[in-house]
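Here the structure comes first, spelled out in C-alpha cells, and everything after it is commentary.
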Amino acid sequence: MIDRLQHDHDVVAVVRSESAADKIRYLRCQVEVIDYEDTQRLASAGLGCACAIHLVGIIKRSRRNRYEQAHERPSMSLLAAAKLANIKHIIGLSIVGSDANSDNGCFASRGLADSILMSGGLAATILRIPMVLGEGDYAARALTRKYQLTFRASSLEQPIYSGDVIAAICALINNPALTGILELAGPESLSRRKLFGRAGKVLGFAPVVISLPVSVGRLLGRVLELLMATPPVTRDMIDLLDHDDAIDTHEATTRLGISLTGLDETLARVLEKSAVVE
C-alpha cells in the first residue's frame, strides 16, 4: 500500500516494532515505531497529516493479545491523537461480519472499534472486506496446496484482490466526504470447495478437499485455548472463517468509482509464482 501511496502523498508509517519497521525502511516514507495506545506520540507523528489509515486488527486472540488491545483501545487512541493533530479524516479497515452485538468475540470487538471511530466526531469511513488475496500472502499460499483440509467446504467466500482494496483506500483518501460504512468484496461469491477448484485449475491440478464439520473445529479450538497461551486455532477464528460472504458490491464500487478484478485474473496474479505444497 505504501508503494502506491508514496507516489502521490507524503506518508508516515506507524508500526509497533523495530522488526516491522525494518521491513519498510526501503520505501520512501517516514517510519515511526510507536505503541498504538500512546496517544501523544501518535499525535506527534500525525502532525501535518490530512488522513489517518487504520489497519490494525487480529482475527485470533491469545492470553497475551486480547481483542480489546488490538481493536478498541488502539481505535480510542487514534481518535484522540487525530483530534490533537488536527487530522480531518480517518479510514478504518475492518472485516465483513463485524457487529458489536455478535456472539463471536472478534466480530463484536471489531464492531465496537468501528463504532468508536464512527462516533468520535471526525469524518470517518469504515471499509469492511472479506478474504483478501495478494501476491505472496498467507491466503494465496494456502490455495496452492493439492490437499485441502477445511471446515464446512460449502462455506461461501468472496475473495477480493489486494490491489482493489488499495484502490478503494486511495479513492477514500481523495474523497474525504465519502464517510460511513462500506462493504466491499470480490465480484464472485462461491463455496470454499469451488474456490479451491478454481485455484487448482490455475495451477494445473485438481485439489483433494477434505471437509470436516464446523463443530469439530470449534472443539479443537476450545481444547487448544485451554492448553496453550497462544493457540494456532481458536473458536472465534473458526466461526469467523466459517462466515458466509455474499455481498452486493454495486453500491461500494459505484461510490468509490473503482472496478473489481475478476476472480480468475486475481488467482492468476497471486498464484503465478507460488509453489504447490504437497
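Read-outs: derived from the displayed coordinates by stated rules, not from any lab. Small disclaimer: the values here were computed from a predicted structure and weren't measured. Virtual Cβ from ideal backbone geometry, glycine too; neighbours counted across all protein chains shown.
Worth a mention:
- Residue in region 54-67 that is hydrophobic (A, V, I, L, M, F, W, C) and crowded, with 21+ Cβ neighbours inside 10 Å present: no
- Test: residue in region 126-136 that is surrounded by 22 or more Cβ atoms within 10 Å (Cβ to Cβ) and over 20 Å from residue 246 (Cβ atoms): no
- Residue 101 in contact with a helix residue (DSSP H, G or I) (Cβ under 9 Å, 6 or more places away or on another chain), under 30 Å from residue 222 (Cα atoms), polar (S, T, N, Q) and surrounded by fewer than 20 Cβ atoms within 10 Å (Cβ to Cβ): yes
- Test: residue 120 is over 30 Å from residue 203 (Cβ atoms) and either assigned to a loop (DSSP other than H, G, I, E, B) or touching a helix residue (DSSP H, G or I) at 6+ places or on another chain (Cβ under 8 Å) (or both): yes
- Looking across 95, 87, 91, one residue alone is in contact with a strand residue (DSSP E or B) (Cβ under 7 Å, 6 or more places away or on another chain), of a type in the set (A, V, I, L, M) and under 19 Å from residue 243 (Cα atoms). It is 95.
- Of all residues in region 143-166, those being farther than 25 Å from residue 111 by Cβ and either buried (at least 17 other Cβ atoms within 10 Å of the Cβ) or of a type in the set (A, V, I, L, M) (or both) number 9.
- Of the residues making up region 49-64, not one is free of Cβ contacts under 8 Å to residues at least 24 places away in the same chain and either farther than 25 Å from residue 181 by Cα or among the basic types (Lys, Arg) (or both).
- Residue in region 181-195 that is without any contact (Cβ under 8 Å) to a residue 40 or more places away in the chain and in contact with a Ser or Thr (Cβ under 6 Å, 6 or more places away or on another chain) present: yes
- Some residue of region 70-86 being basic (Lys, Arg) and either closer than 28 Å to residue 133 by Cβ or touching a residue at least 60 places away in the same chain (Cβ under 8 Å) (or both): no
- Failed item in (1) in contact (Cβ under 8 Å) with a residue 12 or more places away in the chain; (2) over 21 Å from residue 132 (Cβ atoms), with residue 219 passing the rest: (1)
- Helices (runs of 4 or more DSSP H) wholly inside region 1-102 containing at least 2 residues that are out of contact with any Phe, Trp or Tyr (no Cβ under 7 Å at 6 or more places or on another chain), closer than 30 Å to residue 228 by Cα and of a type in the set (A, V, I, L, M, F, W, C): 18-22
- Every test in (1) small (Gly, Ala, Ser); (2) closer than 20 Å to residue 97 by Cα; (3) crowded, with 18+ Cβ neighbours inside 10 Å is passed by residue 140 save one, and that test is (2).
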